Amino acid sequence: MQRQFLLNQNDIPTHWYNVVPDLPTHPAPPLHPGTMQPVGPEALQAIFCNEIIEQEVSTQRWIKIPDEVREALAQWRPTPLYRAIRLERALGTPAHIYYKYEGTSPVGSHKLNSAMAQAFYNKRAGIKRLATETGAGQWGSALSLACRFFGLECTVYMVKISFQQKPYRKSMMQTFGATIHASPSCTTEFGRKVLAETPNSLGSLGIAISEALEDTVTHEGVKYALGSVTNHVLLHQTVIGQEARAQMQMAGESPDVVIGCVGGGSNFAGLAFPFVPDRALGKDIRFVAVEPASCPTLTEGEYRYDFGDTGRTTPLFKMFTLGADFVPPGIHAGGLRYHGMAPLVSQLCDAGLIEAVSYPQLPVFEAAVQFAREEGIIPAPESSHAIRAVIDEAVKAKEEQEERVILFNLSGNGFLDLSAYDSYFAGELA
């Protein structure tokens, strides 16, 4: 029984897959925050370079990956696909469980797939520095390295609770040459405003986004880079699902259920979107998005227009949202603490093509420990949400005595999240 399925560097995808042409309806346009009227690509020119904007609004199904980006991706791609045989045996399930492991990248997560692309396009556009936000620090680490590779400066606004909980993420970013601020910070006008109103604020991705945007628009030669939510980021992540399709073919199987954790939606979309056309071909395939119960955007949010940041400076996007002012508790899965959801993921969820579930922190860590003890990989707290859903799905298959093939994205390793595991074992997690 084969456990791992490996591709070679020639099998790195040559194009990104854009799900927009395969959606049931055309995506809702963003709205101007003042007039509330639809806006075009020109509304994004202050924060993104032109080639990124072209991808953001593209309706082409396939977009060529530049050779320079494929060369950068080749340092760790293709990533392996594993069958979780030991976990299957421990659960006594008839289900076959496969996971695409993105933790082999230099920064330990899937985030580098988009960071390399964004750094490349901004360098080609003559930009000198990128500003960004980061939740758990995985995106900040990825962009820090990508900027170093392509000769850009990098400034990262890291959500304060993660800045405190995950000091080694900060160390990684500094090693790659980035400048890091705990958000809310005293560096920006908006950060100072938040601190004046809430001196002990733990921060949120919405606040950090506002700070990074302010930094961008108030300095010459600076553009903004986003690690999730937007169409172009989800596009860049589809290398995951394309590789997984080829590897599942090597395994002689096809997934019945595709599962991923969701905060903004990038790793879930990266794996799931390349399988979306299978639904149109009559394949009975389910897509399950898993989120924290403390930030239940898809399961309890409203599907409506909302701002992407707490400062209300972005255009309004139609998405599932908990409200731009929502500040979630300081859970260790910092990458999932976002009030909104990617518009494309939201649209598919609203159409009933994606299921959403949420879990509290403790059962998520319970699943993470079980997976680590069976498979030998310590997963990131974010990825562990997907593992919780996978285990429940496999147990359900056992109860129903039904074979099914489960594919999930192990989007990052937890080697820099061991303090969270210490808290779990000490019984200190709420």
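A few points about this structure:
- Of all the listed residues (278, 256), the sole one being surrounded by fewer than 21 Cβ atoms within 10 Å (Cβ to Cβ) and at pLDDT below 95 is 278.
- For region 220-230, the criterion of being over 24 Å from the mean Cα position of the chain (by Cα) and farther than 22 Å from residue 323 by Cβ is met by at least one residue.
- Cβ pairs under 7 Å, 6+ apart, first in region 277-288 and over 17 Å from residue 238 (Cα atoms) and without any contact (Cβ under 8 Å) to a residue 60 or more places away in the chain, second buried (at least 16 other Cβ atoms within 10 Å of the Cβ) and β-branched (Val, Ile, Thr): 285/258
- Evaluating residue 145 against the criteria (1) surrounded by fewer than 24 Cβ atoms within 10 Å (Cβ to Cβ); (2) assigned to a helix (DSSP H, G or I) leaves one unmet condition, (1).
- Residues being modelled with pLDDT under 95 and assigned to a strand (DSSP E or B) - total across region 306-348: 5
- Search result, residues across region 349-404 that are closer than 30 Å to residue 304 by Cβ and part of a strand (DSSP E or B): 355, 356, 357, 358, 359
- Helices (runs of 4 or more DSSP H) wholly inside region 171-262 that include at least 1 residues being in contact with a strand residue (DSSP E or B) (Cβ under 9 Å, 6 or more places away or on another chain) and closer than 27 Å to residue 55 by Cβ: 205-217, 231-236, 239-251
- Yes/no for residue 288 being assigned to a strand (DSSP E or B), surrounded by fewer than 24 Cβ atoms within 10 Å (Cβ to Cβ), of a type in the set (A, V, I, L, M, F, W, C) and touching a helix residue (DSSP H, G or I) at 6+ places or on another chain (Cβ under 9 Å): yes
- Residue in region 356-372 that is of a type in the set (Val, Ile, Thr), modelled with pLDDT of 95 or more and in contact with a His (Cβ under 8 Å, 6 or more places away or on another chain) present: yes
- Of the residues screened, residue 83 is one that is in contact (Cβ under 8 Å) with a residue 60 or more places away in the chain, basic (Lys, Arg) and surrounded by fewer than 23 Cβ atoms within 10 Å (Cβ to Cβ).
- The lone exception for residue 136 - which of (1) in a helix (DSSP H, G or I); (2) out of contact with any strand residue (DSSP E or B) (no Cβ under 6 Å at 6 or more places or on another chain); (3) within 30 Å of residue 389 (Cα to Cα); (4) touching a residue at least 60 places away in the same chain (Cβ under 8 Å) it fails: (1)
- In region 201-225, residue modelled with the highest pLDDT [restricted to those that are of a type in the set (A, V, I, L, M) and surrounded by fewer than 24 Cβ atoms within 10 Å (Cβ to Cβ)]: 222
- Among the residues of region 183-206, those that are small (Gly, Ala, Ser) and in contact (Cβ under 8 Å) with a residue 12 or more places away in the chain comprise 183, 185, 191, 201, 203, 204, 206.
- Against the test of being surrounded by fewer than 17 Cβ atoms within 10 Å (Cβ to Cβ), charged (D, E, K, R), out of contact with any Lys or Arg (no Cβ under 8 Å at 6 or more places or on another chain) and not in a strand (DSSP E or B), the options 88, 42 yield a single qualifying residue, 42.
- Residue 149, sole failed condition from (1) modelled with pLDDT under 95; (2) farther than 19 Å from residue 209 by Cα; (3) over 20 Å from the mean Cα position of the chain (by Cα): (1)
- Checked against the criterion of being basic (Lys, Arg) and farther than 25 Å from residue 387 by Cα, the candidates 100, 160 yield just one match: 160.
The values are calculated or read from the model by the stated rules, or taken from the named source; none is laboratory data. In this text the structure is predicted, and so the values were computed from the model without any measurement. Note that we place each Cβ from the backbone using ideal geometry, even for glycine, and neighbour counts take in every protein chain shown.
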